[in-house]
Amino acid sequence: MDRLFLDANILFSAAYRQDAGLVRLWRLDEAELVTSVHALEEARRNLSGHEQQKRLDRLLEKVMVLESQSENDNLPPDIELPDKDKPILSAAIHTRATHLITGDFRHFGKYYGKSVEGALILPPVLYLADF
């Protein structure tokens, strides 16, 4: 079974629209969904509507949320990410995620298709293409 670490932009996008295609991730029987408080707080900050917040709460019922961790304690030294994104990759590694699912091409794009400490970094479209 895959363990998918969901970046804040995935949580945000899935909750933003009622008919968001990313909700397919939540319907996969072969995947366990995880995220961190850091990612969750970022998604919440960017969702403005009450209905969006409610959708996010419903989605979180099927997501394990990592409460705390030592930030950036397990990142390889050659990883180049902005400080705001390091906790995302660090949490994915910490949770032993098989995949880090992120739509952040700007910062994670050069790592798409690469595995970092066991977490394969992919945009959602590439992960969902197998299903």
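Values in this text are rule-based calculations from the coordinates and carry no lab data. As the structure is a computational prediction, the values presented were derived from the model and not from experiment. Here the Cβ is made from the backbone with ideal geometry for all residues, glycine too, and neighbour counts use every protein chain on show.
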Query raised in the report: under 14 Å from the mean Cα position of the chain (by Cα) and part of a strand (DSSP E or B), is that true of Val125?
Result: no
Query raised in the report: Across the stretch 1-20, what is the total count of residues that are over 12 Å from Leu128 (Cα atoms), surrounded by 20 or more Cβ atoms within 10 Å (Cβ to Cβ) and in contact with a Ser or Thr (Cβ under 9 Å, 6 or more places away or on another chain)?
Result: 7
Report summary line: Restricted to the stretch 30-50 and to residues being among the charged types (D, E, K, R) and over 14 Å from Phe12 (Cβ atoms), the residue farthest from the chain's Cα centre (by Cα) is Glu30
Query raised in the report: What strands (runs of 3 or more DSSP E), lying completely within the stretch 21-122, carry at least 3 residues that are crowded, with 18+ Cβ neighbours inside 10 Å and out of contact with any Cys (no Cβ under 9 Å at 6 or more places or on another chain)?
Result: 31-36, 99-101, 119-122
Query raised in the report: Being under 23 Å from Ser115 (Cα atoms), within 14 Å of the chain's Cα centre (by Cα) and small (Gly, Ala, Ser), is that true of even one residue in the stretch 61-70?
Result: no
Report task. State which residue pairs qualify: first residue on the phi > 0 side of the Ramachandran plot and inside the stretch 81-97, second residue part of a loop (DSSP other than H, G, I, E, B) in any location, beta carbons under 7 Å apart, and separation of 6 or more residues or different chains. Result -> Arg96/Gly118
